[in-house]
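Below is one structure, written out as structure tokens, with a few remarks after it.
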Amino acid sequence: MKPALAGRARAATTLTVLLFLAACSSGPRIVTNAAPGFDLVGYQTFSFLQPLSTDNGNVRTILSNELIDSTKRELEFAGLRHVDAGGDLLVNFVVSTRETIQTRSTPSTGMSMHHGRGRYGTWGGYSMSVSTNEVIQRTEGTVGIDIIDAQRRELVWEGAATGRVTDQTRQNRAAAIDAAVAEILAKFP
């Protein structure tokens, strides 16, 4: 890729990441792990595992295609070359969501006193409320990228982004995937 085009592609990726982070209040949490002594020296090419864990059996899913496009772009920017089969490194994906329920008790100060007179005499009383309970349901999603040494068939690097899945991220899934992959692979050696 020509330097000017690479710069524009990187700028577009950076813009996507910024838009994704702006959509999330705290941004995704990124976690990476490398095998002891892992270094990119000696690795020149990469391929995608067949079938990917995000595929549906032997059917390539839309999600898999979006992950492949984003990952391919980032790894090529890092200096690796994509080959259809037989790469030095194999790439696989892990995607999951989980529902979380959080309850929050908020103290409230409400008090009322009443007094009345009726057929059987006078009466009085009071009522007081002490707290309000709020239930918050959220969806949390994780996108993971596994890098495998093809010759040794051994995991050498893994990275994952975990963040809140909102209606906005669901509607702009491709942009959210682009941003998550870029953030994960920014930590790739």
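The values are calculated or read from the model by the stated rules, or taken from the named source; none is laboratory data. Quick caveat: nothing in here was measured; it's all calculated off a predicted structure. Backbone-built Cβ (ideal geometry, glycine too); neighbour counts: all protein chains shown. The accessibility values were calculated without ligands, DNA or RNA, using every heavy atom of the protein model including side chains. Shrake-Rupley method; radii C 1.70, N 1.55, O 1.52, S 1.80 Å.
Any residue in region 134-157 that is closer than 19 Å to residue 31 by Cβ and without any contact (Cβ under 8 Å) to a residue 24 or more places away in the chain sitting within a Cβ distance under 8 Å of a residue that is open to solvent by 80 Å² or more (accessible area, probe 1.4 Å) and in a strand (DSSP E or B)? List the pairs, counting only those 6 or more apart or interchain.
Final answer for the pair search is none.
If I go through region 6-29 residue by residue, how many of them are assigned to a loop (DSSP other than H, G, I, E, B), open to solvent by 60 Å² or more (accessible area, probe 1.4 Å) and at pLDDT 50 or above? Write out each step before concluding.
Residues of region 6-29 assigned to a loop (DSSP other than H, G, I, E, B): 24-28.
Subsequent filtering for residues that are open to solvent by 60 Å² or more (accessible area, probe 1.4 Å) retains 25-26.
Checking the rest, the ones that are also at pLDDT 50 or above come to 26.
Total satisfying the criteria: 1.
Residues in region 37-78 that are without any contact (Cβ under 8 Å) to a residue 24 or more places away in the chain and loosely packed, with under 12 Cβ neighbours inside 10 Å: how many?
Residues meeting the conditions: 7.
Looking at region 129-149, which of its residues are over 17 Å from residue 72 (Cα atoms) and surrounded by 12 or more Cβ atoms within 10 Å (Cβ to Cβ)?
Within region 129-149, 138, 139, 140, 141, 142 meet the criteria.
For region 140-165, how many residues are part of a strand (DSSP E or B) and of a type in the set (Lys, Arg)?
Matching residues across region 140-165 total 1.
Are there any pairs with C-beta distances below 6 angstrom linking a residue in region 80-96 that is over 19 Å from residue 181 (Cα atoms) to a residue that is open to solvent by 70 Å² or more (accessible area, probe 1.4 Å) and not acidic (Asp, Glu), with the two at least 6 apart or on different chains, and if so which?
Listed by first residue and then by second, the contacts come to 88/44.
Return the residues of region 75-95 that are assigned to a strand (DSSP E or B) and closer than 13 Å to residue 147 by Cβ; say none if nothing qualifies. Full working, then the answer.
Narrowing region 75-95 to residues assigned to a strand (DSSP E or B): 81-82, 89-95.
Within region 75-95, 89, 90, 91, 92, 93, 94 meet the criteria.
Only residues that are in contact with a Cys (Cβ under 8 Å, 6 or more places away or on another chain) and surrounded by 18 or more Cβ atoms within 10 Å (Cβ to Cβ): list them for region 154-189, please.
Within region 154-189, 163, 169 meet the criteria.
Only one of (1) assigned to a strand (DSSP E or B); (2) in contact with a helix residue (DSSP H, G or I) (Cβ under 6 Å, 6 or more places away or on another chain) is not met by residue 169, so which one is it?
Result: residue 169 fails condition (1) only.
Would you mention how many residues in region 30-66 are of a type in the set (Ser, Thr, Tyr), closer than 20 Å to residue 149 by Cα and assigned to a loop (DSSP other than H, G, I, E, B)?
Residues of region 30-66 of a type in the set (Ser, Thr, Tyr): 32, 43, 45, 47, 53-54, 61, 64.
Subset that is closer than 20 Å to residue 149 by Cα: 32, 43, 45, 47, 53-54.
Narrowing further to those that are assigned to a loop (DSSP other than H, G, I, E, B): 43, 53-54.
Matching residues across region 30-66 total 3.
How many of the residues making up region 66-93 are more than 18 Å from the chain's Cα centre (by Cα) and not charged (D, E, K, R)?
The total comes to 12.
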